[in-house]
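Every number in this text was worked out from the coordinates using simple rules, so none of it is lab data. Predicted model only: the values in this text are computed from it and were never measured. In this analysis, Cβ positions are derived from the backbone assuming ideal geometry, glycine residues included, and neighbour counts consider all displayed protein chains.
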Amino acid sequence: MNMLTRELKNLLYASGAALVGVADMRNIPSSPLPYGVCVALPIPVHIIREIQEGPTLSYWNTYNSLNTRLNEIVTQGANFLTANNYQAIPITTGYAQINEQRCTPLPYKTVATQAGMGWIGKSCLLVTPQYGSAVRISTLLTDAPLAYNTPILESRCGTCEQCKTHCPAQALSGTLWKAGMKREELFDTGTCVDVIKKRMKERTGIEGTLCGKCFVICPYTKKYMRKSSTEPL
């Protein structure tokens, strides 16, 4: 690892990041800069336990709080790189563009998998070995010559179909992901959004699109919960 990469990672961890990965983005056409940095924060275990049956107001607040913290972390990382005379773009929630199909030109998950932080599960969410899918992630892009990680290009979910079985919308296909696969091959976005909007409104009174069932049920998330608490699952 070169000195610049070490200093950047130390800064990001000191700023609160739980996971940091660096991606070589030179073969990703939608990336305007050649390297990407992904950071992750875990969803607290007590929130995961709370949403076993559906979204809650505290989950909504935690979700937004984590996004704010991630915005701050990637902005600090970008400021560090620009101060060292490199280009850097923090892809904050305010910067990211989402179209009518709820897609972005360069998803955070693409940078995360290229950075070797995890793979895309049958839930269509990033799955990390450390926290399962119970993470919020963000990224920054740069032309700084960072030392990058080995990408993960295939699913490691195997035959597990817990997320598909328990999906309230029955929107998941159960297909094993490979890099470059279209999102539509993994799940039906429209059906998912319609159902979770209704559930969110009924349970919290908020017009939102949070659910959480697919990451709550993930075996990797449950492993994170067991490591973090001695309470029975």
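A few remarks follow.
- Given 9/201; 182/222; 9/164; 178/223; 9/178, the pairs whose alpha carbons are separated by over 32 Å: 9/201; 9/164
- Gyration tensor (Cα) of the stretch 6-104, equivalent ellipsoid semi-axes in angstrom: 27, 18, 12
- Per residue, the convex hull volume that the Cα atoms of the chain enclose (Å³): 121 Å³
- Listed peptides 160-167, 83-90, 135-142 appear in the order 135-142, 160-167, 83-90 once ranked by packing, highest mean of other Cβ atoms within 10 Å at the front.
- 222 nm mean residue ellipticity, helices alone, for the chain (DSSP H n ≥ 4; -39,500 (n - 2.57); rounded to 500): -11500 deg cm²/dmol
- Protection-proxy order for peptides 122-132, 1-11, each taking the mean of Cβ atoms within 10 Å per residue, highest first: 122-132, 1-11
- Distance in nm between pseudo-label sites at residue 183 and residue 150 (7 Å out along the Cβ direction from Cα): 3.0 nm
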